[in-house]
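So the structure is just underneath, and the comments pick up after that.
Here, each number is a calculation from the coordinates, and none is a lab measurement. In this text, all values refer to a predicted model and were calculated from it rather than measured experimentally. Neighbour counts run over all protein chains shown; Cβ positions are idealised from the backbone, glycine included.
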Amino acid sequence: MTQHDNDPAWPDHKPTALLVLADGTVLEGFGLGAEGHAVGEVCFNTAMTGYEEILTDPSYAGQLITFTFPHIGNVGTNDEDIETVNMAATPGARGVILRTAITDPSNYRATKHLDAWLKARGIIGLSGIDTRALTALIRSKGMPNAVIAHSKTGEFDLHGLKEEAREWPGLEGMDLVPMVTSSQRFTWDETPWAWDKGFGRQDKSEFNVVAIDYGIKRNILRLLAGVGCKVTVVPATTSSEDILAMKPDGVFLSNGPGDPAATGKYAVPVIQDVIKSGTPTFGICLGHQMLGLAVGAKTKKMHQGHHGANHPVKDETTGKVEITSMNHGFAVDETTLPKGATQTHISLFDGSNCGIQLDGKPVFSVQYHPEASPGPRDSHYLFQRFADLMRQKKRA
């Protein structure tokens with residue numbers, strides 16, 4: 001339902017939450033999670049599972065997530081499914097938009113109701129709107145800036161919310177990595193989750209890997225540990241001298257939020273030095289975009305972005321098609337890739353770039369999330385590919 005400044009409230013069910021778009025459109029619904037208001041870019045996510053992992057993915061900083069699947073919250077939440085590494089940092093998503101109200105959890109792993117979990121993390125939620133219609137609007141007009149607001153009393157400063165949505169500058173040119181990166185270096189030895197066992201611990205390692213934290217996810221670190229990597233995570237602003245002084249067998253460039261061109265102002269020179277050193281390098285998502293910038297390509301803002309766990313990608317080096325998990329609103333412009341940087345993966349939805357490899361160098365990256373949290377596991381092989389490159393380098 002759309003409300004205008006002078007419209008009366010619903011006579012029987014007064015709305016307790018609003019989504020106010022930058023063009024002045026107001027969608028009324030019912031609040032959940034934390035009270036207050038937050039501004040961000042509205043995107044839609046098509047995943048049917050993994051809402052807790054999605055909401056704690058630091059790459060969603062600055063965004064309001066619309067879930068196209070109608071039943072979100074049915075399996076509750078638990079501490080094992082959180083993807084944020086830096087618990088002291090700003091949580092990933094600023095808000096969540098749902099079709100239906102959250103029901104009581106029905107899953108043996110659940111420890112908390114999603115509504116209580118949202119309150120504890122300060123995430124504002126809204127339910128009761130036509131999320132399919134909102135998704136169609138995003139597909140037609142692009143991802144809008146908006147304010148999400150929740151008040152139990154149903155009282156809102158509508159004029160102020162409209163003004164805030166209209167004046168928010170948007171994600172282009174915005175460096176959000178300082179909000180999510182770790183403040184100091186630390187080591188990681190937790191390995192992937194196993195049925196009825198939970199997470200394991202690494203008992204021995206083959207490789208010394210430095211992971212640059214632009215907003216890294218826990219399952220990336222687990223999969224690196226799972227292929228024999230002793231991982232040291234360092235803040236996003238760590239110098240190349242400090243990284244290379246650790247004598248890494250490999251360097252990992254993590255995912256993260258915001259505009260890669262903005263973060264790249266300080267990250268790209270570091271990546272260029274790592275490439276020059278000959279150290280095997282693997283990048284994911286924001287790390288992929290900034291690797292593209294480091295070799296001379298350009299990035300671009302996407303119309304609606306890619307967010308979900310059902311995105312088909314073709315590996316042009318093998319001919320294999322993978323179903324992948326994605327979360328990005330920027331992409332490497334494949335037409336700007338220089339000689340020596342080969343496109344290795346493409347989206348089968350829109351043909352956009354999803355992977356590059358530097359010719360003759362042990363350096364590659366992908367736009368999607370091979371750690372599959374949430375999502376399918378088709379792309380786990382990329383972590384083994386990184387391990388193989390480090391093994392070959394060590395033998396040489």
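Compute the helix-to-body angle for 158-167: its Cα long axis versus the longest principal axis of the chain, expressed 0 to 90° and rounded to tens. The helix 158-167 is inclined about 30 degrees to the chain.
In what sequence, highest mean first, do 214-221, 106-113 appear when ranked by Cβ atoms within 10 angstrom?
On the way: 214-221: 27.4, 106-113: 12.6.
Ranked by mean Cβ neighbours within 10 Å, highest first: 214-221, 106-113.
Once Rh for the stretch 242-319 is found with the Kirkwood sum over Cα pairs, what is the Stokes-Einstein diffusion coefficient at 4 °C and 1.567 mPa s, in µm²/s? D = 93 µm²/s. With all projection directions averaged, the alpha carbon convex hull of the chain covers 18.9 nm². So which of LYS197/LYS230; LYS276/LYS393; LYS247/LYS394; LYS204/LYS361 end up more than 19 Å apart by C-alpha? Correct reply: LYS197/LYS230; LYS204/LYS361. Relative to the Cα centre, the charge distribution of the stretch 17-167, modelled as +1 at Lys and Arg Cβ and -1 at Asp and Glu Cβ, gives a dipole magnitude of about 280 debye. Placing unit charges on each Cβ (+1 for Lys and Arg, -1 for Asp and Glu) gives the chain a dipole about its Cα centre, and among TYR60, ALA133, LEU293 the Cα reaching farthest toward its positive end belongs to LEU293. Calculated on the Cα set of the stretch 240-396, radius of gyration then Dmax: 14.6, 45 Å. When restricted to Cα atoms, the stretch 157-263 yields an Rg and a Dmax of 18.1, 59 Å, respectively.
Please arrange PHE30, PHE67, PHE186 by how many other C-beta atoms lie within 10 Å of their C-beta, fewest to most.
Numbers: PHE30 18, PHE67 24, PHE186 14.
Listed from fewest to most nearby Cβ atoms, that is PHE186, PHE30, PHE67.
To the nearest 10 degrees, how steeply does helix 131-141 sit against the main Cα axis of the chain, on a 0 to 90 scale? Result, in degrees: 60.
Within the shell of other residues whose beta carbon sits under 9 angstrom from the beta carbon of LYS394, the net charge comes to +1, with Lys and Arg scored +1 and Asp and Glu -1.
Against the longest principal axis of the chain, how steep is helix 381-395, in degrees 0 to 90 to the nearest 10, with axes from Cα atoms? Between the helix axis and the principal axis of the chain, the angle is about 30 degrees.
Could you estimate the translational diffusion coefficient of the stretch 17-167 from the Stokes-Einstein equation, with Rh from the Kirkwood formula over C-alpha pairs, at 10 °C and 1.306 mPa s, in whole µm²/s? List each step's numbers first, then the result.
On the way: Rh = 15.3 Å.
Translational diffusion coefficient: 104 µm²/s.
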